[in-house]
Structures are given as C-alpha cells and as structure tokens.
Amino acid sequence: MLGISACLGGVFCRYDGGSNEITALKKLVEAGQAIMICPEVLGGLSTPRHPAEIQGGDGFDVWQGQARVLDNEGNDLTEAFKQGAIKAYEELQKLQITGLILKEKSPSCGSSLVYDGSFSGMRIKGVGVATAYFIQQGLLVYSEENWLEMRMT
C-alpha cells in the first residue's frame, strides 16, 4: 500500500482550497491500494490558508533548526509543519506504508524542489518538511512527476 498526498487524490486541502487531483492516483485510493494524507492539515492548518514557504533552506534544515516555515504574512508555521509531519508518519506506520507519492514543490511534501522562501515563484533544490522527516524515518518518497519510476522498481 502507498501513501499519497491528499491533494493528489482529489481532496481540496491545498493552501488555496483547491486540489491537484491526478486521476491515476485517485484510482489507486479508490481501489484500496493507497491512503491519502495531508501533513499540513494534520498539523492543524486550515483550508484555505495563506501560502507558506521555507526560509533559510529546505525541510532538512527546518528539522536542524536552521530554517523556518513562514506564510506570506510573516507568521511562523514551523511547529505546525513539524507536528503535521510527525502525525502523518504515525498514521503511515499504523498501516505499514513504506512508499509515498507526494506533491512536488510543496513546503511539506516537495521531494526535489521547493520554493525559495521569497514568495517570488523561484524554486530551489530541496525537500519539504514532511518529506525530510519521512526520509529520515526510512520511507521512500516520490512525487507526482516521477511516481511511475517507483512502480517499475
């Protein structure tokens, strides 16, 4: 069984109240082959919410105390993002999930790119807060852009 970012499965949980539904991933959920998670919602963030970006690095830097997650109004959401990652991991562990397909570029779920923290649309190489935590716990993380590679390995 896989874990999938809830927004990829069609849940309206993005910061702007939308989703990023990918039909093939939604079908995996409907077939009982995947479950959906949203670390940001599990961390207590509302939908919709102000956009947030990691400032000072990526998700690994957040866990090391070297970066923070701020929204575009300057509110520090770091703890909500960290708590959401921990809660999501606990849910994944209960179901013995070891592989994830997460939303690229998200401050929680990005697996190779995240926004640079300037709210300018610029991206940097790096991972989101939840992705960093999941990787540290030994989970395999893919994005909606490369998940088919996972199915072939």
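Computed from the coordinates by the stated procedures, all read-outs in this text should not be read as laboratory data. Model, not experiment: these values are computed from the prediction. As a convention, Cβ positions derive from the backbone with ideal geometry for all residues, glycine included, and neighbour counts pool all protein chains shown.
Just so you know, the Cα atoms of the stretch 2-139 work out to an Rg and Dmax of 13.8, 41 Å.
Residues Thr131, Thr47, Thr23, Thr78 in ascending order of nearby Cβ atoms (within 10 Å, fewest first): Thr23, Thr47, Thr78, Thr131.
Can you find, among Leu25, Ser5, Gly56, the residue farthest towards the positive end of the dipole of the stretch 2-139? Put +1 on the C-beta of Lys and Arg, -1 on that of Asp and Glu. Sorting the options by dipole projection puts first Leu25.
Of all DSSP beta bridges located in the stretch 97-153, what percent are antiparallel, nearest 5? Please report the intermediate quantities before stating the final value.
Values: 3 of 8 bridges.
Percentage antiparallel, nearest 5: 40.
Each Lys and Arg adds +1 at its Cβ and each Asp and Glu adds -1 at its Cβ; summed about the Cα centre, the stretch 2-139 shows a dipole of about 340 debye.
The residue list Gln96, Ala130, Ala85 was ranked by how far each Cα lies along the charge dipole of the stretch 2-139 toward its positive end, using unit charges on Cβ atoms, and Gln96 comes out on top. Pairs exceeding a 20 Å alpha-carbon distance, out of Lys27/Lys103; Lys103/Lys125; Lys94/Lys125; Lys87/Lys125; Lys27/Lys105; Lys27/Lys87: Lys94/Lys125; Lys87/Lys125; Lys27/Lys105; Lys27/Lys87.
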